Amino acid sequence: MDCILNQTHFLNTRLADGTVADLTVTGGRFSAIAPAGNAARLGAIDLAGQLVLPAFVEGHIHLDTSFYGDAWRPHIPCTNGFDVRERVVFQMRNLKQAAPMEERARNQLELCVGHGSLAMRSHVMVDAAVGLQHVETILGVREKYRDLIDIQLVAFPQSGILSSPGTAELLDEALKLGCDLIGGLDPASFDRDVKGHLDVVFGLAEKRGVGVDIHLHDGGTLGLFEIEEICARTTALGLQGKVVVSHAYALGDISPDALARAGERIAAAGVAIMTNAPGNHPFPPVAALREAGVTVFAGSDNIRDSWWPYGDGDMLDRANMIGYRSGFYEDWELEVAYDVVSHAGAKALGLEGYGIAIGARADFVVLRAEHVPEAVVAVPKDRTVYRAGTAIARDGAMIG
Ligand SMILES: [Zn+2]
């Protein structure tokens, strides 16, 4: 610490553009960024040329349903290809035998923070069977971790809305309790009523003045039709910049012409697309959508839960996966993969003061890599995570 209260100097930091700079943090925000070369000051932290990146953005996760830290749950395959309804049944069965939700959520949160995510959006299940139990628990966990990570919660109708009578009222209640966004789930294939489902989702968005984040696994022209409906409602309600379609598998299995038209429409509506480059599913073409002006961001989604056994909460690893599955090889493409887990995520979540810039919040990750492309490829695990200029995690573990 310097003689000025709450001020810390970080010397010889390598920034994403390759320049080496000295950073000053005052009161938890960057107050100066100067070319390296300042004389060592008492108490200054010399980062010796390590790469400094803004903390990653975990844009889509499920804090209530992971078994991370709990007993291993072998994956149960669907009986006849991927089926959301059947997976929900497996999930309900598994959750009945799981460790307490708060414990599992905390395990997962610390996993994410340890790898450098300090902003997160978690979907939380709301349905007629669990009521508001999950929401109440996760709201409590969010409160306990508020000094370490910023968390947005989505009231998520995991069992549909029309298929699970009473859910619409519970979703409204969840928003009143403190959820930040209204979720949705496959209006066509799950609820079999696109208009009815979206009427509830956008009705609640309008009533409570919140954003929307819809899980959409429906593929092909059906999924595309739903995306178009979501875009139309977004525009009609003036919700540009506040609506997300998570997964949007359809964008990965339509013709290039249809994709070009869809990209234009999605960009014009200000709807963002979340992908986690999932297993063997088709997924949205990241580069083409970005070129059309669409914000594409990422999340871990499921971590060791009833949907799949993968996930480690490391968004740099996620950038690697997205780059790998997208066929990204050139440096600029690897930088795109990184942008998806950082700046694009911040934009999609509407984060204030994000980045390494004067006035921005000093939430950052320090790691050993020459530059961003190398970080995306090497995914160095030894890193230090700073929250408001204070180290809170090192090499994947929380400090203190
Ligand atoms: Zn999800």
Exercise for the section: Could you please find all residues in the stretch 280-320 being surrounded by 22 or more Cβ atoms within 10 Å (Cβ to Cβ), not in a loop (DSSP other than H, G, I, E, B) and not acidic (Asp, Glu)? Expected result: Val286, Leu289, Val296, Phe297, Ala298, Met315, Leu316, Arg318, Ala319, Asn320
Practice task
For the stretch 220-258, enumerate the residues that are assigned to a loop (DSSP other than H, G, I, E, B) and either within 16 Å of the ligand (Cβ to nearest atom) or closer than 14 Å to Phe156 by Cα (or both).
Solution key: Ala248
Problem - Yes/no for Gly184 being within 13 Å of the ligand (Cβ to nearest atom) and in the same structural domain as Glu206 (by TED's automatic domain parsing) - result: yes
Completion exercise
Requiring at least 1 residues that are within 16 Å of the ligand (Cβ to nearest atom) and in the same structural domain as Val245 (by TED's automatic domain parsing), the strands (runs of 3 or more DSSP E) wholly within the stretch 1-98 are 56-61
Handout entry: Identity of the residue in the stretch 356-389, surrounded by fewer than 18 Cβ atoms within 10 Å (Cβ to Cβ) and among the basic types (Lys, Arg), that ends up farthest from Gly114 (Cα to Cα)
Key = Arg368
Handout entry: Scan of the stretch 75-88 for residues that are free of Cβ contacts under 8 Å to residues at least 40 places away in the same chain and not charged (D, E, K, R), ordered by number
Key = Pro77, Cys78, Thr79, Asn80, Gly81
Exercise for the section: Restrict the check to the stretch 300-308 and report whether at least one residue is under 20 Å from Glu264 (Cβ atoms) and at pLDDT 95 or above. Expected result: no
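Scanning the stretch 193-211 for residues that are assigned to a helix (DSSP H, G or I) and among the acidic types (Asp, Glu), which turns out nearest to Lys242 (Cα to Cα)?
Checking each candidate, the answer is Glu206.
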Exercise for the section: Please find, among Ala287, Ala267, Ala319, the residue that is of a type in the set (A, V, I, L, M), away from the ligand (no atom under 16 Å from the Cβ) and within 26 Å of Leu237 (Cβ to Cβ). Expected result: Ala267
Handout entry: the stretch 101-121, subset more than 17 Å from Val340 (Cα to Cα) and touching a residue at least 60 places away in the same chain (Cβ under 8 Å), residue surrounded by the fewest Cβ atoms within 10 Å (Cβ to Cβ)
Key = Glu110
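The values are calculated or read from the model by the stated rules, or taken from the named source; none is laboratory data. No experiment lies behind these values; they were computed from the predicted model shown. Please note: Cβ atoms are built from the backbone with ideal geometry, for glycine as well, and neighbour counts cover all protein chains shown.
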